[in-house]
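Below is one structure; the comments refer to it alone.
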Amino acid sequence: MPLPSLLSEPVLLLDEARARRNLRRMAERAAAAGVRLRPHFKTHQSHTIGRWFRELGVEAITVSSLAMAEYFAADGWRDLTLAFPFHPGMRDRVDALAARIAFGIVLADPQALDGVRFSTRVDAWLKIDVGSRRTGFDPEDLDMLRDLAAVLAGRDDIRLRGLLAHAGHSYDARGAQAIAAVHAESLGLLGRLRDDLAAVSGPLELSVGDTPTCSTVGAFPGVDEIRPGNYVFYDLSQWQIGACGVEDIAVAMACPVVARHPARGELVVHGGAVHFSKDAMDFDGERIFGLAVEATPEGWGALRPEIRLVRLSQEHGIVAAPDEVIARTRPGETLLFLPVHSCLTADAMGRYLTLAGEPVAMMG
């Protein structure tokens, strides 16, 4: 692993082989299920990594912001969905994108398009809340949805493409059986709603996408496309859910040790909330922000669950570790941690270093 012997600051390491393996496996899963793969690029946010998807035949992508849409459109992507609710302040930038590429927006409020007209036709998806309770239309509010679908179907600047959902509550599941139950319930709800709305809107597509279900189920009955994103890297949350193995996690944070506190059973590393984010998870009854992994000549290997990132401030990471680990650790040495949430960690870091020592840029 071509790291400097002494790091001056945290570095986000990227195992390209693992990431490419994750991408290939999902592409094969989508092909076998007969669904279009429209991966979410919010996790990696990189032209370089995006091209790895393109090598596997991916042509359509999902983004989470207009800036991200513009960034990837500049790299030749020509079919994008902005999977964040549209509001009127987005109109001009959406219009400019739709004039260049196939572009889709997501609606989560019936008044979001009031007073808005596009000069080029834009695809519109109705965001349906299938249980995550973040945002989206209540699937039980059929009268409102029928009225909205009828209005959209009558506009010449919009194509009502279909129903879109993110089963975010799958992140609360543990194990394949629980994930499959979320998946089946979500698809059943969406299928019934699509059949109901088709009477006023005509045929509608279904777009779903969360990494736990897309990584573990084999069939997507009635679904036209899937939009997983986190699977390019995975992380400790996905491992805890049961969506991946530790060996699939493709990013690790290299953090230099800056201080030792044997009386407290703690080390301090340079690696805080501005690097990891403050996403945490429960592990063996403790709230953690990362788990250490063994450094190997090839990159990293097995978990070292006895070494845990237990507190974060802006730049500092507080690490609980056994006495013998603290005794043999010296300032300047590097510890490797798998992140709880790779999307936020990557966004916070803004760049990667591959295990071959090559920098990989992100949108900035």
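One residue stands out among those in the stretch 320-347 that are over 26 Å from the mean Cα position of the chain (by Cα) and of a type in the set (Val, Ile, Thr): the one that is most open to solvent (accessible area, probe 1.4 Å), which is 334.
Residues that are closer than 13 Å to residue 160 by Cα, buried (at least 22 other Cβ atoms within 10 Å of the Cβ) and either at pLDDT below 95 or touching a Gly at 6+ places or on another chain (Cβ under 9 Å) (or both) within the stretch 107-146 comprise 122, 124, 125, 126, 127, listed in sequence order. Listed by first and then second residue, the pairs linking a residue in the stretch 344-362 that is modelled with pLDDT of 95 or more to a residue that is basic (Lys, Arg), with Cβ atoms under 6 Å apart and 6 or more places separating them unless they lie on different chains, are 361/351; 362/351.
The sole residue among 102, 83, 27 that is under 30 Å from residue 129 (Cβ atoms), touching a His at 6+ places or on another chain (Cβ under 8 Å), open to solvent by 10 Å² or more (accessible area, probe 1.4 Å) and at pLDDT 95 or above is 83. Each residue in the stretch 186-210 was checked for being under 25 Å from the mean Cα position of the chain (by Cα) and farther than 22 Å from residue 39 by Cα, and 2 of them qualify.
Screening residue 198 with (1) in contact with a Lys or Arg (Cβ under 8 Å, 6 or more places away or on another chain); (2) free of Cβ contacts under 8 Å to residues at least 12 places away in the same chain gives one miss only, at (1). Filtering the stretch 30-80 to residues that are buried (at least 17 other Cβ atoms within 10 Å of the Cβ), hydroxyl-bearing (Ser, Thr, Tyr) and within 14 Å of the chain's Cα centre (by Cα) leaves 43, 46, 62, 64.
Here residue 225 qualifies as of a type in the set (Asp, Glu), touching a strand residue (DSSP E or B) at 6+ places or on another chain (Cβ under 6 Å), farther than 27 Å from residue 353 by Cα and crowded, with 20+ Cβ neighbours inside 10 Å.
The values are calculated or read from the model by the stated rules, or taken from the named source; none is laboratory data. Computed from a predicted model, the values in this text were never measured in an experiment. Cβ: placed from backbone, ideal geometry, glycine included. Neighbour counts: every protein chain shown. SASA here: full protein model, heavy atoms, side chains in, ligands and nucleic acids out. Shrake-Rupley method; radii C 1.70, N 1.55, O 1.52, S 1.80 Å.
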